[in-house]
Amino acid sequence: MAADQLVAGVLDLKKALDQTTAQFSVRVSKHLGEVLRQLKSGNPAPKGVVKAMVERIHDVRLKPEKGRLKDLERIRELAEDLVAMLPGR
């Protein structure tokens with residue numbers, strides 16, 4: 001029956017969405033965790049780099065309550081930028 005196929009298709013899409021967002025979250029969280037580990041280590045980034053990181057974080061404009069794709073992209077880009085700013089990168 002067509003309705004059963006539709007239900008199965010929607011359930012598959014929901015599962016794919018859940019898996020995709022989970023993997024995205026893991027990847028971005030890994031970047032942010034790397035930055036946190038460096039900052040909390042005995043060898044933090046130079047003050048100029050820390051200041052630039054703070055400014056970069058303050059510059060990002062997010063509206064998480066709207067659940068927008070562009071906010072996810074901004075967070076991903078910011079996380080990657082912060083990792084790239086770490087000493088030794």
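Where a ≥ b ≥ c are the square roots of the eigenvalues of the C-alpha gyration tensor, would you call the chain rounded, which needs a/c under 1.5, or, failing that, prolate if a/b is larger than b/c, or oblate?
Taking the square roots of the gyration eigenvalues as a ≥ b ≥ c, the chain is prolate.
Under a plain spin-label model, where a point goes 7 Å from the Cα along Cα-to-Cβ, how far apart in nm are Val60 and Val83?
With each label placed 7 Å out from Cα toward Cβ, I get 1.3 nm.
Coordinate-derived values only; no laboratory data. Please read these numbers as outputs of a predicted model, since none were measured by experiment. For neighbour counting, all protein chains shown are included, and Cβ atoms are generated from backbone atoms with ideal geometry for every residue, glycine included.
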